[in-house]
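Since the structure comes first, as structure tokens, the remarks are kept for the end.
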Amino acid sequence: MDYFLQQTLNALSIGGEYALLALGLAIVFSVMGLVNFAHGELITLGGYAMYFTLLFAGPPVALLIPVCILGAMLAAVAFDKVAFRPVRNAPPTTGLLTAFGVSIIIQNILVIFVATRARPVPTPDWMRGNFMVGELSIPVLQVLEFAVTCLALAGLLLLLNRTVVGLAMRAAAKDFVAVRMVGIKANRVIMTAFAVSGVLAGIAAVFIISRRGAVDPFMGFIPLLKAFVACVLGGFGSLLGALVGGIVLGCVEVFLQVVLPPDIAGYRDAFVFLLVGLVLVLKPEGLVGKRAELGDKEE
Amino acid sequence: MTTILEVRSAVVRYGAITAVRNVDLSVDRGEIVAVLGPNGAGKTTLVSAIAGILPLTQGSMHFDGQDITRLGIEEIVRRGMSLTPEGRRVFADLTVRENLVLGGSSQTDRALFEQDMQRMFEMFPILHERSKSPAKTLSGGEQQMLAIARSLMSRPRLLLLDEPSLGLAPRIVDQIFRLIDELRRDGLTILVVEQNAAEALAFADRAYVLNVGEVVYAGTSAEVAASDDLAEHYLGGQLS
């Protein structure tokens, strides 16, 4: 029972992390049709923001958490302003290539000016401990991760349903020009989408880094890959799809980790991708995706 | 009467195709002006360019005496010109109320915003009834009303209506045109693009007839309606 509960919690916290990342990717995609392959670098930059703050300003370590989230958000907004805005009206492939370009540039700046090797970033002590519920010892980090994911989701829902810019983002997913026709600035909608994706990536980054205890220039790649897989799994362009895809991906990974015999556990990701392939063959629109999310523009 | 919109020598090109050639058009305050013509005459292109959706290749546009030739859609809406586009383009997944909220998003005064919302619900009781339903669940006529109400939420001084009767049942078309007439009585200036020439001429003050991107005739509605030549060549035959 203990073991089962432990693994469930594990799945939920990993799934939550993937969901946060996938949502960030999906929100930018739904608004401007761009798969931001530099999304992983938001995590990296949030991490390095923590590292540099600690280096130059010192403790307390708990203050690094808002620094990471803010850093990732500012990085996302900067990506939009510097890199994506100039190519906004170009064909989609240009945006895609720009995203790869941003990713490569950020990685190499960090390699050249900081270091190729990982740099340590400490986690606040209270996040690393366990707490007891009856007989069970539960890691604070995992519970916190799941709870924060839920909070972030609630915040996102409020934004999308209760604010003008949130409504505009939902409307823009289908017909951006019509949104501009009511006088809402395209720049504002897109910047908000990037800022939201940055905040979500920053939150995920706090947890990713507290697990690894260090930052390095290429740390964003695997999380990006997971987010992309989660989006594909759930249905690209759909926010619900990103959420479901993230949670499902987390659960499947933990499940495979548990059931696979130790000598083939190393191939876990291969099994995961096999599953994604199956989903794509059997239900190409994703688990909860509707073709309408993307293709049904009003004539 | 003072001129509210003045378009001079407008040319719009898409790549190699010239959709609008050298069009001069003006609208006076308080008028209803119709832009008529057959399918593909460049009517929608012209009105899209006026609204700032498409750039003018050549020519100039002045709204209320100010040059708006190079302004984007968002800025033009904020200056008081609003387009109800062809095909309505309501925000399908959003509720009726949310559509109107976005329509009024340029309004910074909260009290005026609520007042406008109330006014729309009085003008279109059906929208009040369906205020919590997603816009995609509305009928075509209801969506057209929502699209017009959404445009009105930004308090335009000039309303551009692109094919408001397209794809609607005759009974609904009458209703929409009666509404347009009411709006004029409230002091709104309207530029309306229509394929349905007979209906449009019945309430417009003046009309421009477009064919292959050029103005082939401009005059009062009575003059246009009286011309058998225009009717036969550009306006689908019968006008009255």
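Structure data summary
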item	result
Solvent-free Debye scattering, log10 I(q)/I(0), computed from the Cα coordinates of chain B at q = 0.11 Å⁻¹	-0.55
Computed [θ] at 222 nm, helices only, for chain A once each DSSP H run of length n ≥ 4 contributes -39500 (n - 2.57)	-23500 deg cm²/dmol
Cβ-derived FRET efficiency at R0 51 Å, B:R155 paired with A:I105, nearest 0.05	0.65
Values of log10 I(q)/I(0), in the order q = 0.12, 0.24 Å⁻¹, for the stretch A:110-174 under a Debye, Cα-only, solvent-free model	-0.66, -0.96
Solvent-accessible surface ranking, highest first, for A:F221, B:F177 at 1.4 angstrom	A:F221, B:F177
For B:V216, residues with placed amide H under 5 Å, excluding near neighbours	B:V209, B:L210, B:N211
Farthest toward positive dipole pole in the stretch B:152-240 [+1 Lys/Arg, -1 Asp/Glu at C-beta], among B:A197, B:Y217, B:L166	B:L166
Which of A:S197, A:G46, A:G58, positive extreme of dipole for the protein assembly as shown (C-beta unit charges)	A:G58
Equivalent ellipsoid semi-axes - Cα gyration tensor, the stretch B:158-240, angstrom	21, 15, 12
Kirkwood Rh (inverse of mean 1/r, distinct Cα pairs), chain A, angstrom	19.8 Å
Carbon/sulfur fraction of accessible area - chain B, other protein chains in place, 1.4 Å, %	47 percent
Equivalent ellipsoid dimensions for the protein assembly as shown as semi-axes, Å, which come from the Cα gyration tensor, largest first	54, 23, 21
Cβ-based charge dipole, chain A, positive-most Cα from A:V140, A:G245, A:L153	A:L153
Gyration tensor verdict on the stretch A:1-85 (Cα atoms; rounded if a/c is under 1.5, prolate if a/b is larger than b/c, oblate otherwise)	oblate
DSSP bridge orientation in chain B - percent antiparallel, rounded to nearest 5	55 percent
Two-site label geometry, B:K136 and B:D186: point separation in nm, points 7 Å out along Cα→Cβ	3.0 nm
Counting DSSP beta bridges with both ends in the protein assembly as shown, the antiparallel % (nearest 5)	60 percent
Surface accessible to a 1.4 Å probe, A:Y3 within the full protein complex, Å²	130 Å²
Dipole magnitude of the stretch A:122-270, debye to nearest 20 (Cβ charges: Lys/Arg +1, Asp/Glu -1, about Cα centre)	740 debye
Distance in nm between pseudo-label sites at B:F203 and A:F56 (7 Å out along the Cβ direction from Cα)	6.4 nm
Calculated FRET value between A:K81 and A:L159, using beta carbons and R₀ = 25 Å, to 0.05	0.75
Fraction of antiparallel bridges per DSSP, the stretch B:77-216 only, in percent to nearest 5	25 percent
Chain A - percent relative contact order, Cα under 8 Å, separation 6 or more	34 percent
Dipole magnitude of chain A, debye to nearest 20 (Cβ charges: Lys/Arg +1, Asp/Glu -1, about Cα centre)	820 debye
Enclosed volume per residue, in Å³, of the convex hull spanned by Cα atoms of the stretch B:69-144	101 Å³
Cα-centre dipole for the protein assembly as shown with unit charges at Cβ (Lys and Arg positive, Asp and Glu negative), debye to 20	1280 debye
Solvent-accessible area per residue, Å², over the protein assembly as shown with all protein chains present [probe radius 1.4 Å]	44 Å²
Alpha-carbon spread of the stretch A:183-299, three principal axes, descending order, Å	59, 39, 19
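The values are calculated or read from the model by the stated rules, or taken from the named source; none is laboratory data. All values derive from a computational prediction rather than experimental measurement. All Cβ positions, glycine included, derive from the backbone under ideal geometry; neighbour counts span all protein chains shown. SASA here: full protein model, heavy atoms, side chains in, ligands and nucleic acids out. Shrake-Rupley method; radii C 1.70, N 1.55, O 1.52, S 1.80 Å.
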